[in-house]
Amino acid sequence: MGSHSPLFYDSPLAVQSAAGVWLTSMDGVTYLDGYNNVPHVGHCHPYVVEAVHEQARQLNIHTRYLNDRVLDYAEQLLTTVDQPLARLALTNSGSEANELALRIARQHTGHTGVLVTDFSYHGNTTSLAELTTGLPVREPLGAHVRALTIPDMDHESEGEEAVLARSLALVDTAIASLQQAGHGVSALLFYPLFSTEGLPRLPKGYVTMVVDRVRSAGGLVIADEVQAGFGRVGTSMWGHQLFDMVPDFVTLGRPMGNGHPLGGVITTTNLLDEFGSNNLYFNTFAGNPVSAAAGLAVLKVMNAEQLLDNADTTGGLLRGKLTELAGRYDFISAAKGQGLFTGLEFVDPTTGAPAPAIAKQVVEGMLARKVLISRIGRNDNMLKIRPPIPFNRQHVEILTDRLADCLTHL
Ligand SMILES: Cc1ncc(COP(=O)(O)O)c(C=O)c1O
């Protein structure tokens, strides 16, 4: 697989099995998973495994024959979004979902310009590489792309109103620049938690006001829920529901199939009908009955185990404990996040500058203490704690006890 395969940790971890929020390495050591959002309802959840197994025994085929399983899935998933969102196009990954949403937006608006945020990642296709700002890519930012800086009230000296005005002025400038260059605005592609940017605390109303500006310029709005979706934010099923707006597209991936490759685009009837009438969009593996069974099982487990509420209460508990820890050390500036997506930010206590080396030391120190977490933020100085959502009070205790021990040894 080549020497550039992106692996975690100084000494990569080889895993062989998992259950719930626990992973077991090849040498038989058990780790608490504070990181992975792909096994969303828990690693190898028995109900999901059984649903996949049952469907694989019965039928697995592409989507050019009618099959109830995929229609049941579409119907159930669509009950979780707001009107006028009413149609689902399935894909195999988050990248494919964003690619399709951008393509529909481009055709509908007749424009090519795209607004993204200035430290973000939305996938690995050629057109997404041209709008990647938060990971190394060889492709330069596309001439049709403008990147917005997302304000974080935890890092501002001015008040909320001034920050909001300044941030919205940047949006106006970006839109004007796309229009002057002849690209126009086809879409805003954003990720509701802005985690790659470092889970910023936004000024009130910011997202809604950006969306209004994009729509006034004739553009459509794509909420990338690959990270924030499926109850991760705790208070709602979708990250964009934190804001007073309904996007034109909701793009999905990662948690959707609990590890089974499954992605999708939720959009309006009009947009999908228009696209379908001009293009034959066929995606061989997307929406196959086994994938649909995995997706249905995830929704069923989320309901049966009340995992959305759990993300809210456990996330709140975790952030409370991290805030306590932050108060004890002058090199921790803030506990951040929403629901079960949490960050802890490290700075140099004398200069206040970001301290990525401390974050790295803690991630490695936690591995040594058998807890898996990672790092995020534009300076890589923030712990990324984003566990499977059955993570509970007892797991929070284990994680924060070991984190406290790790911090005393820094
Ligand atoms: C926010 C976001 N969008 C899109 C993607 C791409 O998804 P995939 O790797 O399934 O193509 C990712 C992957 O990490 C992501 O984090």
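The values are calculated or read from the model by the stated rules, or taken from the named source; none is laboratory data. The shown structure was predicted, so the numbers you read here are calculated from the model rather than taken from an experiment. Ideal geometry is used to build each Cβ from the backbone, glycine not excepted, and the neighbour counts take in all protein chains shown.
Observations on the model:
- Being under 25 Å from the mean Cα position of the chain (by Cα) and surrounded by fewer than 16 Cβ atoms within 10 Å (Cβ to Cβ) is a description that applies to Thr126.
- When the stretch 140-160 is filtered for residues that are within 19 Å of the chain's Cα centre (by Cα) and part of a loop (DSSP other than H, G, I, E, B), the ones remaining, listed by number, are Thr149, Ile150, Pro151, Asp152.
- Candidates in the stretch 199-238 are the residues that are outside any loop (DSSP other than H, G, I, E, B) and within 16 Å of the ligand (Cβ to nearest atom); of these, the one that is nearest to Ser93 (Cα to Cα) is Asp224.
- Subset tally (residues that are crowded, with 16+ Cβ neighbours inside 10 Å and assigned to a helix (DSSP H, G or I)) for the stretch 161-198: 9
- Test: Val137 is within 20 Å of the chain's Cα centre (by Cα), surrounded by fewer than 19 Cβ atoms within 10 Å (Cβ to Cβ), among the aliphatic types (A, V, I, L, M) and in the same structural domain as Phe243 (by TED's automatic domain parsing): yes
- Residues (without any contact (Cβ under 8 Å) to a residue 40 or more places away in the chain and not hydroxyl-bearing (Ser, Thr, Tyr)) located in the stretch 145-154: Val145, Arg146, Ala147
- Among residues of the stretch 115-131, those that are free of Cβ contacts under 8 Å to residues at least 40 places away in the same chain, in contact with a Leu (Cβ under 8 Å, 6 or more places away or on another chain) and part of a loop (DSSP other than H, G, I, E, B), counted: 1
- Residue match in the stretch 82-93 (condition: of a type in the set (Val, Ile, Thr) and either away from the ligand (no atom under 16 Å from the Cβ) or outside the structural domain of Leu252 (by TED's automatic domain parsing) (or both)): no
- Selection of first residues in the stretch 255-283 that are more than 11 Å from Ile104 (Cβ to Cβ) and of second residues that are among the charged types (D, E, K, R) and surrounded by fewer than 24 Cβ atoms within 10 Å (Cβ to Cβ), restricted to Cβ pairs under 6 Å at least 6 apart or on distinct chains, gives the following pairs, ordered by first then second residue: Thr269/Arg87.
- In the stretch 171-195, the residues that are away from the ligand (no atom under 16 Å from the Cβ) and of a type in the set (Val, Ile, Thr) reach residues that are assigned to a loop (DSSP other than H, G, I, E, B) and at pLDDT 95 or above with C-beta atoms within less than 7 angstrom, at least six apart or across chains, in these pairs: Ile175/Val185; Ile175/Ala217; Val185/His111; Val185/Gly113; Val185/Ala217; Val185/Gly218; Val185/Gly219.
- Of the residues examined, Thr284 is not one that is polar (S, T, N, Q), in a strand (DSSP E or B) and assigned by TED's automatic domain parsing to the domain that holds Tyr73.
- Enumeration of residues in the stretch 85-114 that are assigned to a strand (DSSP E or B) and within 20 Å of Tyr281 (Cα to Cα): Leu85, Ala86, Arg87, Leu88, Ala89, Leu90, Thr91
- Residue match in the stretch 112-122 (condition: touching a helix residue (DSSP H, G or I) at 6+ places or on another chain (Cβ under 7 Å) and surrounded by fewer than 21 Cβ atoms within 10 Å (Cβ to Cβ)): yes
- Residues being within 15 Å of the ligand (Cβ to nearest atom) and of a type in the set (D, E, K, R) - total across the stretch 104-129: 1
- Matching entry among Asp312, Asp248 (being in contact (Cβ under 8 Å) with a residue 12 or more places away in the chain, crowded, with 24+ Cβ neighbours inside 10 Å and away from the ligand (no atom under 16 Å from the Cβ)): Asp248
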